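What follows draws every value from the coordinates through simple rules; no lab data is involved. On a predicted model such as this, the values are computed, not experimentally measured, just so you know. Neighbour counts run over all protein chains shown; Cβ positions are idealised from the backbone, glycine included.
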Amino acid sequence: AMAGDGGGSAEHGGPPAPERVLFPPTFSVSEIKNKQRRHFMFLRWKQQQRKEKLAAKKKRRKEREALGDKAPPKAIPKTIENQRVYDETTVDPNDEEVAFDEATDEFAPYFNRQTVPKILITTSDRPRGRTVRFCEQLATVIPNSHVYYRRGLALKRIIPQCIARDFTDLIVINEDRKIPNGLVLSHLPDGPTAHFRMSSVRLRKEIKRKGKEPTEHAPEVILNNFTTRLGHSVGRMFASLFPHDPQFIGRQVATFHNQRDYIFFRFHRYIFKSEKKVGIQELGPRFTLKLRSLQKGTFDSKFGEYEWIHKRREMDTSRRKFHL
Amino acid sequence: SPQIVWSMLGNRQFCSYKMTTKTQNFCRNEYNLTGLCNRSSCPLANSQYATIREEKGRCYLYMKTIERAAFPRRLWERVLLNKNYEKALEQIDENLIYWPRFIRHKCKQRFTKITQYLIRIRKLTLKRQRKLVPLRRKIERREKRREEKALIAAQLDNAIEKELLERLKQDTYGDIYNFPIHAFDKALQQQQAESESESDAEREEEDDEDVDKREFVEAEDSELSDFEDMDKLETSSEEEQEEEEVEKKALHSKSKGKTPLKGPARRKRPYIEIEYEEETEPTTKTKAA
């Protein structure tokens, strides 16, 4: 290291020639004590690496062309979705057990068209401007929904009243410092309750290039990427918010897209320009949700039976592991 | 003696419990009866003094007399007051009998205030408490970053468009949109390449007009900005209808039986058989769903 250091220091004065920087293999850039020199050496080393990489790439490309048709297929780049840790609860489309479960769970009456969804949207105490407006917009997006303000009423007491008045779902938007940041979605007659953290809420006026107001038609629903069992139940929860028969005249579509455990909600109006092309125009609010907990019964924070809770220390250990 | 204590400490700024503000002086001493820094309410400057203090929801009467001035450990005598408001007042009275009026009165006032706020605490705990959950900055930042990256990876617009086109292909929309499928097109082209007779001219015209236009069904919704070819479409559809009839006859005459597709299906354009009847109202070939 000392010899290498001497060599390095001798070179540092003027623009050194890279040929003379052939250090013995035991040399490493981090052993130079002088920060300036170390930095300089490191930059030089980086340049070398880049050159080598470029040369290797060129070589590979040449080989590829030389082989022509017989060349091996291009390597697929690794993405997080590719490398995702396989979740054993991933649902196979043909799984009978899952199908049976879904036929008998709490959403069966909805999917059998026995119940019409009726939604109650409310907030935490004393909602401020943004939350209020967001609630209103959400009410226009979801057909057959009503907004009621909560003036200090306990959730546990309004739930039986809702059930009595035939509501099927309850949405509570939690607010913090004038912005909505949480969503509790509860399927009412004794259904599961999901608690989400909500972020990046954009109201209609903040969306660029938006269209006109959403009309009263029932929108279609797109649920993307809900693969695991948990994802399936959450997806069904979302689906049960909207009427089962969308009105295609309205040409509106509500999308819940799950990507790496973040659920993005968008509301668009689409038009088919041709058979292969469709144009979409965003209307309506947008927000992202992250599931925090899923509870078996209706909202009950103390005695409820939790089906799934996000435990940071256990579940956030791997960057490639997702639960929805 | 108390006068000296007062003149040294209280009157001037030497008392460490004294807090001065623009309009008033406060006393931070925990045994102070009124909270203000006065000659009559300073616990240090009065040899005979009493206070009410509450601990864990129970009120106590503290008394200090001149006899115990030499024993700091035993200085303050404590009496637990009754939970009942009136009985406690009587207790105060009997303990502070023959004491100066000021101290008695202030003690009772203080006791009243304390019981009132205790009642309020008990009432509030029955209502819903707001639980404050502290945010963890590192975690918040991490989540935000991951969300942004997930958004980029999601490519939402593409995904939605793909899904919609899928649904179109799988015929979930039924009869609303009438786009011919590709196989049709190919067969049509073959058919047209073979048979190049009288209807060729007509076809050429049609091709020129409708090379980019497809039949749209949303004539009413003129609000949509995507909808550029609205006007052209309406006129073209009218022309189309007229030509339709002509062409149909022409095609019939030419049918060689080579292609399984017959009649209007052999044309390149999207066919609308129903147009026949609704010739007068081109706009109503919308989705009559």
* Asked: Shape call for region B:2-126 from the C-alpha gyration tensor, a ≥ b ≥ c root eigenvalues: rounded (a/c under 1.5), prolate (a/b greater than b/c) or oblate?
  -> oblate
* Inter-label distance for A:D92 and B:L118, nm, one decimal - labels placed 7 Å from Cα along Cα-to-Cβ -> 6.8
* Answer rounded, prolate or oblate for region A:89-316, using the Cα gyration tensor with square roots of eigenvalues a ≥ b ≥ c: rounded when a/c is under 1.5, else prolate when a/b is larger than b/c, else oblate. => rounded
* Asked: Going through region B:75-107, which trypsin sites (Lys or Arg not before Pro) have at most 11 other Cβ atoms within 10 Å and a DSSP loop state?
  -> B:K83
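What is the local net charge at A:T168, summed over the other residues whose Cβ is closer than 15 Å to its Cβ (Lys, Arg +1; Asp, Glu -1)? If you can, show how the numbers build up before the last one.
Details: positive: A:R113, A:K118, A:R165, A:R236; negative: A:D105, A:E106, A:D166, A:D169, A:D190.
Here the count lands on -1.
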* Could you go through region A:211-228 in sequence order and give the Karplus-derived ³J(HN,Hα) for each residue, using 6.51 cos²θ - 1.76 cosθ + 1.60 with θ = phi - 60°, rounded to whole Hz, and x for Gly and Pro? => x, 7, 5, x, 8, 7, 5, 6, x, 7, 10, 10, 10, 10, 6, 8, 9, 7
* Asked: If contacts are Cα pairs under 8 angstrom and at least 6 residues apart, what is the relative contact order of region A:89-316 in percent?
  -> 21
* Asked: By its C-alpha gyration tensor, with a ≥ b ≥ c as the square roots of the eigenvalues, how is region A:168-216 shaped: rounded for a/c under 1.5, else prolate for a/b larger than b/c, else oblate?
  -> oblate
* Please work out the Cα center distance from region A:188-249 to region A:132-172, rounded to the nearest Å. => 16
* Asked: Which far-off residues, 5 or more places away or on another chain, put their amide H under 5 Å from the one on A:Y262, with H placed in the peptide plane?
  -> none
* To do: Subtracting the Cα-Cα distance from 0.36 nm times the residue separation, let me have the gained length for B:Q192 to B:N158 in nm, one decimal.
  => 8.7 nm
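Tell me the GluC sites (Glu not before Pro) within region A:56-136 that lie in a loop according to DSSP and have at most 15 other beta-carbon atoms within 10 Å.
Here the sparse-neighbourhood loop sites are A:E81, A:E88.
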* Contour minus Cα-Cα distance for A:K276 and A:Y148 (0.36 nm per residue) -> 41.8 nm
* **Potential extension, A:M315-A:E52 segment - 0.36 nm per residue separation minus Cα distance** => 90.7 nm
* Using the count of nearby Cβ atoms within 10 Å as a rough guide to exposure, how do A:S28, A:S233 rank from fewest to most? -> A:S28, A:S233
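Would you please give the FRET efficiency between B:N84 and A:I163, computed as 1/(1 + (r/R0)^6) with r the Cβ-Cβ distance and R0 = 30 Å, to the nearest 0.05?
About 0.10, to the nearest 0.05.
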* Asked: Once you put a point 7 Å from the Cα of A:L67 and another 7 Å from the Cα of A:A108, both along the Cβ direction, what distance in nm separates them?
  -> 5.5
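What is the sum of charges around A:S233, taking Lys and Arg as +1, Asp and Glu as -1, for the other residues whose C-beta is under 11 Å from the C-beta of A:S233?
Result for the neighbourhood of A:S233: -2.
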* Structure fact -> Residues B:T125, B:T112, A:T227, A:T168 in order from fewest to most other beta-carbon atoms within 10 Å are B:T125, B:T112, A:T227, A:T168
* Asked: Can you sort B:Y60, B:Y173, A:Y149 so the residue with the fewest Cβ neighbours within 10 Å comes first?
  -> A:Y149, B:Y60, B:Y173
* Collect residues whose amide H, placed 1.01 Å from N in the peptide plane, falls under 5 Å from the amide H of A:W308; neighbours closer than 5 in sequence don't count. => A:L294
* Only loop residues by DSSP count here, and only those with at most 10 other Cβ atoms within 10 Å; note down the chymotrypsin sites (Phe, Trp or Tyr not before Pro) in region B:82-150 that meet that. => B:Y98
